[in-house]
Amino acid sequence: MLPTKHAILSASSSHRWLNCSPSARLEQEFEDRETEAAAEGTAAHALCEHKLRRALKLQSRRKPISKYDCDEMDLHTDNYVQFVLETLAEARQHCADPLINIEQRLDFSCYVPDGFGTGDCIIISDKTMHVIDFKYGQGVLVEAEQNPQMMLYALGALRLFDSLYDIDEVAMTIYQPRRENISTWTIAVDDLKAWAENELVPKARLAYEGKGEYLPGPWCTFCKAAVKCRARAEEKLRLAQYEFAKPPLLTDAEIEDILDKLSDLTSWANEIMAYAQDAALNQGKQWRGWKVVEGRSNRKYSNEEAVIEAANAAGYHDIFRKSLIPLTEMEKLMGKQEFHDILGGLIVKPAGKPTLVPVSDKRPAITSANIDFNEIQED
């Protein structure tokens, strides 16, 4: 078993081990691999911390530099800082001396064995504590309501500050700018502690001991063991009972059963392919019936400056295209207020195309019956 660099029962993986308790120990058998998305998120967090410290006139080292620096990240981290400052200003309306902590280490080991984590931003005032978590990812929409990671952070923060402030409730906010998602949920401290004692503690003990039943579900997405998990494979392969019959030959109940699992099934299949390809390319693994070939590629210029020179010399000068910079870049260039004043009346957000999603999706259902689906399909 490889040595662990992080808590076995981390807050970030709590959604998983609270539902599938043996997964926490199983994951320890797999090496940590930082994805590009994770590395980009780490860079964005570092920039957030630096900007927020500077805005609060706190000591901060020089601005962090990474290969992910871009106008988009600059804009989103600026907006995050503004959100935190606005939240702090609101706290000051009810408390003369609210406390703000940035990148605060949180210990919730009294509930979860060896449990600890880091809170991006915590604002503590009389009656209310606000826990804010910055998420730069755009692949999965994250909601604050009943979010176990946020609840663990809140429990850890209460251990530090509950004796200093008279805290009755905890507000938790997920700030996810690339999904235009600012999700806030508030829970009474008594209710949070009741959840910890009645649900969290027994499940955490089970997970720490590696006991319980494997239970595949949406929480498998970022599990390091997911691609080789037999329980998950058996769950996905159960769809083979339908023998890939044409949809009209399936009952409504069968189609509903497939719809519930289709997204995760597709994700699982892609993960299997990625795992097999990585093993073939980097470990020399030979898969029976499969081979490694050169993928398709598109032509490209080897030297754009030389192309321009050669084309101009031959009399071809109309070889460039011009296009507007993206909305986020334009807003960054002008500033929010000037952007609104100059272009506010020229910005529209068209309605998205109708799409079938699970009922748990936060978007309201379309109730209008006059949708021309033929026209939608032709767009």
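Coordinate-derived values only; no laboratory data. Being a predicted model, the structure only gives us computed values, none of them experimental. Neighbour counts are summed over all protein chains in view; Cβ atoms, including those assigned to glycine, are modelled from backbone coordinates with ideal geometry.
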Given trypsin sites (Lys or Arg not before Pro), DSSP loops and at most 10 other Cβ atoms within 10 Å, the longest exposed-site-free stretch of the chain is 68-287
DSSP beta bridges in the chain: the antiparallel percent, rounded to 5, is 70 percent
Note on the stretch 14-208, DSSP bridge orientation, antiparallel percent to nearest 5 equals 70 percent
Per GNM of the chain with C-alpha springs under 10 angstrom, the most fluctuating residue out of 85, 333, 206 is 333
Karplus-derived 3J(HN,Hα) from phi for the stretch 293-306 (6.51 cos²θ - 1.76 cosθ + 1.60, θ = phi - 60°), whole Hz, x at Gly and Pro, runs 10, 6, x, 6, 9, 10, 5, 8, 6, 7, 8, 5, 4, 5
In Å, the Kirkwood hydrodynamic radius from C-alpha pairs for the stretch 14-208 sits at 17.7 Å
A chain fully extended from residue 179 to residue 109 at 0.36 nm per residue, minus the present Cα-Cα distance, gains in nm 22.0 nm
A correct Karplus calculation of ³J(HN,Hα) over the stretch 310-322, with 6.51 cos²θ - 1.76 cosθ + 1.60, θ = phi - 60°, whole Hz and x for Gly and Pro, returns 5, 5, 4, 4, 8, x, 9, 10, 8, 10, 10, 10, 10
Helix-only [θ] at 222 nm, the chain, -39500 (n - 2.57) per DSSP H run of 4+, per residue, nearest 500, equals -12500 deg cm²/dmol
If every Lys and Arg gets +1 and every Asp and Glu gets -1 at its Cβ, then about the Cα centre the chain yields a dipole, in debye to the nearest 20, of 1200 debye
In whole µm²/s, the translational diffusion coefficient that Stokes-Einstein assigns to the chain, given a Kirkwood hydrodynamic radius over C-alpha pairs, 20 °C and 1.002 mPa s, equals 86 µm²/s
The simple spin-label model distance between residue 367 and residue 256, using points 7 Å out along Cα→Cβ, in nm, is 2.2 nm
For the stretch 27-108, the dipole about the Cα centre with charges only on Cβ (Lys and Arg +1, Asp and Glu -1), to the nearest 20 debye, works out at 740 debye
Here the gain from full extension of residue 314 to residue 190, 0.36 nm per residue of separation minus their alpha-carbon distance, amounts to 36.8 nm
Here, residue 301 and residue 249, labelled 7 Å along Cα→Cβ, have an inter-label distance in nm of 5.4 nm
The extension gain from residue 126 to residue 293, computed as 0.36 nm times the residue separation minus the Cα-Cα distance, is 53.7 nm
Ordered by number, the GluC sites (Glu not before Pro) in the stretch 265-326 that occupy a DSSP loop and have at most 12 other Cβ atoms within 10 Å are 294
